[in-house]
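Reading through the structure tokens given below for one structure.
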Amino acid sequence: MAWIVAVVLFAEAFGVALLNWIMANVVDGQNMSLAGLDPDAMVLSSKVGAVVFGLYFALCGLVALLVALRDRQPAGLGRILLISVAVVHGLLAAVSWALIGRPQFVFMVVMLALIVLLLVTYDAQPQPAPPADPQDTDGPDGPGDSEAAEEPKDAQEAAGSPLTPPPAPTTP
């Protein structure tokens, strides 16, 4: 699943950057202005937006790719990036429902679901348990401690394990 998210985020990075760049060229070619804004400022801001959003989606795709390669959950900045791209997809889903149409809305919701699934399904890898009986258990009397030899096996295991409370009594 992380592979799918990574591939789609890389495709979105390219698509968003290309779309913004094309829109900048259209504005430049038509010499358009919106509410009196300078057309050159609009072209420049659209091209800067193309680069910034393209890099943002590519970075999020890189985080998803690293999750897929390492097979463990994202942490730190990577987790924050994936959460932010999930929020962006939620906002884009709402906008696409209102302005573009249902197929684009469904795509954004599916991407949102995949990113959230990526964030919540990878559990921490279990760490190997430390050895229960250490080999060097020399007491004050040396390795042949008579008290340790007389203890039952369960008491020896309990001495090396963390303290656990007894089971709570139940009432009939």
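Could we say that ALA68 is outside any helix (DSSP H, G or I) and at pLDDT below 90 here? So ALA68 does not fit the description; no. Of a type outside the set (Val, Ile, Thr), more than 29 Å from VAL7 (Cα to Cα) and open to solvent by less than 50 Å² (accessible area, probe 1.4 Å): is that true of PRO74 in this structure? Taking the combined requirement at face value, the residue does not satisfy it. Inside the range 26-50, residues that are over 23 Å from PHE10 (Cβ atoms) and in a helix (DSSP H, G or I) make up a count of 12. As a summary of the residue check, ALA64 satisfies the conditions (1) open to solvent by 80 Å² or more (accessible area, probe 1.4 Å); (2) under 20 Å from ALA113 (Cβ atoms) except for the one numbered (1).
You will find that of LEU112, LEU82, the residue that is closer than 17 Å to GLU12 by Cα, touching a Leu at 6+ places or on another chain (Cβ under 7 Å), assigned to a helix (DSSP H, G or I) and open to solvent by less than 80 Å² (accessible area, probe 1.4 Å) is LEU82 and no other.
Let's see how each residue does on (1) over 16 Å from MET1 (Cα atoms); (2) open to solvent by 50 Å² or more (accessible area, probe 1.4 Å); (3) without any contact (Cβ under 8 Å) to a residue 24 or more places away in the chain:
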position	(1), (2), (3)
ALA24	yes, no, no
GLN30	yes, yes, yes
ALA35	yes, yes, yes
VAL87	yes, yes, yes
GLN104	yes, yes, yes
THR121	no, yes, no
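Test VAL43 against the criterion of being surrounded by 12 or more Cβ atoms within 10 Å (Cβ to Cβ) and under 30 Å from the mean Cα position of the chain (by Cα), and give yes or no. Against the criterion (surrounded by 12 or more Cβ atoms within 10 Å (Cβ to Cβ) and under 30 Å from the mean Cα position of the chain (by Cα)), VAL43 does not qualify. Taken over the range 123-141, the criterion of being open to solvent by 80 Å² or more (accessible area, probe 1.4 Å) and either under 26 Å from the mean Cα position of the chain (by Cα) or modelled with pLDDT of 90 or more (or both) is satisfied by ASP123, GLN125, PRO126, GLN127, PRO128.
The values are calculated or read from the model by the stated rules, or taken from the named source; none is laboratory data. Predicted, not measured: the structure shown is a model, and the values here were computed from it. No Cβ is skipped: glycine too gets one built from the backbone with ideal geometry, and neighbour counts run over all protein chains shown. The area values use the complete protein model at the heavy-atom level, side chains included, leaving out ligands, DNA and RNA. Shrake-Rupley method; radii C 1.70, N 1.55, O 1.52, S 1.80 Å.
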